[in-house]
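Structure, as structure tokens:
The values are calculated or read from the model by the stated rules, or taken from the named source; none is laboratory data. None of the values given here were measured: they were computed from a predicted structure. Cβ placement follows ideal geometry from the backbone for every residue including glycine, while neighbour counts extend to all protein chains displayed.
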């Protein structure tokens, strides 16, 4: 092997980085790596926030549906009481049935919306884990 290739990896044909890189090159590489790392962490945080916002939006939408159903429940309950006091006819039974159906719909939507909101996790666990890994990597680069 000739002396001009003493610092090269024969398999890759690239210079080895042990003795040939200057301090400026090393600092530049570390700065570039840190820049890429921060960019990737921001992208991960953005993706997680979108996922959590979607889940929270779904829960809020279900609670909105429960609000509409609750309003209809009150309207039909009022109509039921009005018909019961005014007419004493079978129409009241139909109004009671409709009222009970709307009460059930409101209860189901409220329960589903609440469970969706409980499932959200604003702590971003994947981002926290990768930040810990990045901190360990940065400490390893210092030593």
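Just a few scattered comments:
- Test: residue in region 76-92 that is exposed (fewer than 13 other Cβ atoms within 10 Å of the Cβ), in a helix (DSSP H, G or I), in contact (Cβ under 8 Å) with a residue 60 or more places away in the chain and on the phi < 0 side of the Ramachandran plot: no
- The single condition from (1) farther than 26 Å from residue 40 by Cβ; (2) in a helix (DSSP H, G or I); (3) modelled with pLDDT under 80 that residue 141 fails is (1).
- Among the conditions (1) touching a residue at least 24 places away in the same chain (Cβ under 8 Å); (2) closer than 30 Å to residue 38 by Cβ, residue 99 misses just one, which is (2).
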